[in-house]
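Student: Before we start, here is the structure in question, set down as structure tokens.
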């Protein structure tokens, strides 16, 4: 991480604040994306190390807006890497995730035994009422299917096993 | 000591290769498969990790050029607005596909007869129907039966449908008002425990591998069974060419291991299952004095007619939270309302719409697919507007075959084994542009009716070449096709192609369900005609 000590880390903080400032109850990215968050991002994405170092090089000056402008004009790949590092560091931070109400991609049980709301509301029946929408290659026209079920209850009754 | 030849050598362990391997192993064939990738441990899938979105953009990217893993080969796609996507491992692209499982429709097999353009297939939807049912059971499909977008089925999907989510419900209600078709999507993702695999948990990380094993990928659904039946799967085996004898029959394939050592795998029959870029690449690499333009290429069509389903995305933003970062990525719902030709629209054929989740917070914070971005104080407003508040219609336009859309061998780019890489040349037709423009407008109407306060459109997404099709088409006429209706090469009677290369036209739907049904049909025919199969002596 030596290449991101000192000037480059300061430049990263300044650009982070420029892109994502504190507002609307959210902290600035400069206050969140510290050396630890940077290490987390680069641990997942070591390929970003080079373009990030280029985007933070001292000769682009101290003004974050001017740095972003120069990168947008001449080095879009380095700009994209810089943006991804800042956004990645910010939105993987535990406190930020709490503020946006996100716990990561969660495991949610599929309750396939419950009647779906779209069936309860009759939305499938509306589709079935209109009949087939596929084109019959033998006629070139919208298919006509004799005795096509017009409600889901009919469709279900047609396929239910016979009762003794 | 000479190695006894395999009855069948399969090149590629993805969707179609696995289907053929399992069926032939069941029938007692001695099966060998060469796969350039390796097994992937599902514990390595990043979906449960906090850095999932970061890794999904690099080592789990869908483009081999972005990923650049040792198993990948580069594709020169600089002359294409659409980048081809794939995954090289046991399971192939089923590792990273979304799991949507629609079938091609009956009209898709009769495009010339119905619309006077492109070509008809030598087989029909109804020829494939028994194989659709079998592959639905083998892969494990969840669906609501009775979709009037298709002919009535005589067999229902083996599992009930997955949830459609808050976004799907909102749009379903809108389509009820509009009188437009919609239906819960058919997905090859378990909704209940099935075949020893767990049900979906709605994590929405399907495209970087399913941590639950709920999504069907052939490393889980087919290969363990095929191997138990005696099939031999060799990983890390990059095939460099298929060899033929003086009689023009295939004798096997040469391949390179990861250390660069060359091997030869002899076989009585060779089956190519390497996708519509890898397969023509290998056929062209296998040129010899008898087949100077590439193997099985007397028609000149190997590598031509590449189709990739140009893809547009229409996103609606809603005031109320939809938690749209969760849910199966396969698809929540679909619409076939505008799938069939209506010439009054100014183009022929159509597009399927599929609604998928919208991604995690990093995706919401970065510039959107439509190019929308907001930095500075407005960033937080932009984020809160997008994150979990979106419903996306993905529009797959039917891509008509065009002989100028090609896969050729690069003269300069090589893979890590030193083999010529494929180079693609692809453009989108005027018919397709008009088609996508029409569908974008209708999808906007759908989302506005559903209550969207803002619509964002990506008119042609670059990283959308999931569906690789058409580069070794099937047909009855050997002068205008590469393989016959049983997937056998016209020129080489013991060479088969079973991947999406054989598609005559592209349909407008996700093709994996149709690819594997065609592959199973070919395998069944190989079993039935085993004693008539010509092989190299």
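The values are calculated or read from the model by the stated rules, or taken from the named source; none is laboratory data. A quick note: this is a predicted structure, and the numbers were derived from the prediction, not measured. We place every Cβ from the backbone using ideal geometry, glycine too, and count neighbours over all the protein chains shown.
Student: Could you go through segment B:44-53 and let me know if any residue there is in contact with a helix residue (DSSP H, G or I) (Cβ under 6 Å, 6 or more places away or on another chain) and without any contact (Cβ under 8 Å) to a residue 60 or more places away in the chain.
Tutor: So far as segment B:44-53 goes, yes, one or more of its residues are in contact with a helix residue (DSSP H, G or I) (Cβ under 6 Å, 6 or more places away or on another chain) and without any contact (Cβ under 8 Å) to a residue 60 or more places away in the chain.
Student: Moving to a separate point now. Every residue in segment B:195-226 that is touching a strand residue (DSSP E or B) at 6+ places or on another chain (Cβ under 6 Å) and at negative phi, please.
Tutor: Those that are touching a strand residue (DSSP E or B) at 6+ places or on another chain (Cβ under 6 Å) and at negative phi: B:200, B:206, B:214, B:215.
Student: Moving on to the next point. With segment B:1-69 as the region, which helices (runs of 4 or more DSSP H) entirely inside it contain at least 3 residues that are more than 30 Å from residue A:104 (Cα to Cα)?
Tutor: Fully inside segment B:1-69 and qualifying: B:15-26.
Student: Which members of segment B:506-532 meet the condition of being touching a helix residue (DSSP H, G or I) at 6+ places or on another chain (Cβ under 7 Å) and assigned to a loop (DSSP other than H, G, I, E, B)?
Tutor: Correct list: B:507, B:511.
Student: Looking only at strands (runs of 3 or more DSSP E) that fall completely inside segment B:332-424, which ones have 2 or more residues that are within 14 Å of chain A (Cβ to nearest Cβ), under 28 Å from residue B:201 (Cβ atoms) and touching a residue at least 60 places away in the same chain (Cβ under 8 Å)?
Tutor: Result: B:333-335, B:351-356.
Student: When residue A:120 is evaluated against the numbered criteria (1) within 30 Å of residue B:339 (Cα to Cα); (2) within 26 Å of the chain's Cα centre (by Cα), which criterion, by number, is the only one it fails?
Tutor: For residue A:120, the exception is condition (2).
Student: Additional query: Sort out which residues of segment B:214-231 are in a loop (DSSP other than H, G, I, E, B), away from every other protein chain (no Cβ under 11 Å) and under 19 Å from the mean Cα position of the chain (by Cα), and write them in order of number.
Tutor: B:216, B:217, B:222, listed by residue number.
Student: Restricting to segment B:180-201, name every residue that is at the interface with chain A (Cβ under 9 Å from one of its Cβ atoms) and touching a helix residue (DSSP H, G or I) at 6+ places or on another chain (Cβ under 8 Å).
Tutor: B:180, B:181, B:182, B:183, B:184
Student: In segment B:71-91, is there at least one residue being within 14 Å of chain A (Cβ to nearest Cβ) and either in contact (Cβ under 8 Å) with a residue 24 or more places away in the chain or within 12 Å of the chain's Cα centre (by Cα) (or both)?
Tutor: No, that holds for no residue.
Listed here are the residues, each with its yes/no results for (1) surrounded by fewer than 21 Cβ atoms within 10 Å (Cβ to Cβ); (2) in a loop (DSSP other than H, G, I, E, B); (3) out of contact with any helix residue (DSSP H, G or I) (no Cβ under 7 Å at 6 or more places or on another chain).
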| residue | (1), (2), (3) |
| --- | --- |
| B:443 | no, no, yes |
| B:452 | no, yes, yes |
| B:461 | yes, yes, yes |
| B:477 | yes, yes, yes |
| B:480 | yes, yes, yes |
| B:485 | yes, yes, yes |
| B:492 | no, yes, yes |
| B:496 | no, no, no |
| B:504 | no, yes, yes |
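Student: Here's another thing I want to ask about it. Evaluate the following for residue B:346: is it under 30 Å from residue B:107 (Cα atoms) and modelled with pLDDT under 95?
Tutor: It is false that residue B:346 is under 30 Å from residue B:107 (Cα atoms) and modelled with pLDDT under 95.
Student: Considering only segment A:64-117, how many residues are in contact (Cβ under 8 Å) with a residue 12 or more places away in the chain, surrounded by fewer than 13 Cβ atoms within 10 Å (Cβ to Cβ) and facing chain B (nearest Cβ under 8 Å)?
Tutor: Of the residues in segment A:64-117, 0 are in contact (Cβ under 8 Å) with a residue 12 or more places away in the chain, surrounded by fewer than 13 Cβ atoms within 10 Å (Cβ to Cβ) and facing chain B (nearest Cβ under 8 Å).
Student: Of all residues in segment A:118-139, which are within 7 Å of chain B (Cβ to nearest Cβ) and farther than 17 Å from residue B:150 by Cβ?
Tutor: Passing the criteria: A:118, A:123, A:126.
Student: Can you find, within segment B:70-81, the residue that is surrounded by the fewest Cβ atoms within 10 Å (Cβ to Cβ) among those that are in a loop (DSSP other than H, G, I, E, B) and in contact with a strand residue (DSSP E or B) (Cβ under 8 Å, 6 or more places away or on another chain)?
Tutor: B:74
Student: Would you confirm whether or not segment B:153-169 contains a residue that is under 21 Å from residue A:138 (Cα atoms) and more than 8 Å from every other protein chain (Cβ to nearest Cβ)?
Tutor: Among the residues of segment B:153-169, at least one is under 21 Å from residue A:138 (Cα atoms) and more than 8 Å from every other protein chain (Cβ to nearest Cβ), which makes the answer yes.
Student: If residue B:102 meets every condition in (1) more than 14 Å from chain A (Cβ to nearest Cβ); (2) buried (at least 24 other Cβ atoms within 10 Å of the Cβ); (3) within 20 Å of residue B:131 (Cβ to Cβ); (4) touching a strand residue (DSSP E or B) at 6+ places or on another chain (Cβ under 8 Å) apart from one, which number is that one?
Tutor: Of everything listed in (1) more than 14 Å from chain A (Cβ to nearest Cβ); (2) buried (at least 24 other Cβ atoms within 10 Å of the Cβ); (3) within 20 Å of residue B:131 (Cβ to Cβ); (4) touching a strand residue (DSSP E or B) at 6+ places or on another chain (Cβ under 8 Å), residue B:102 misses just condition (1).
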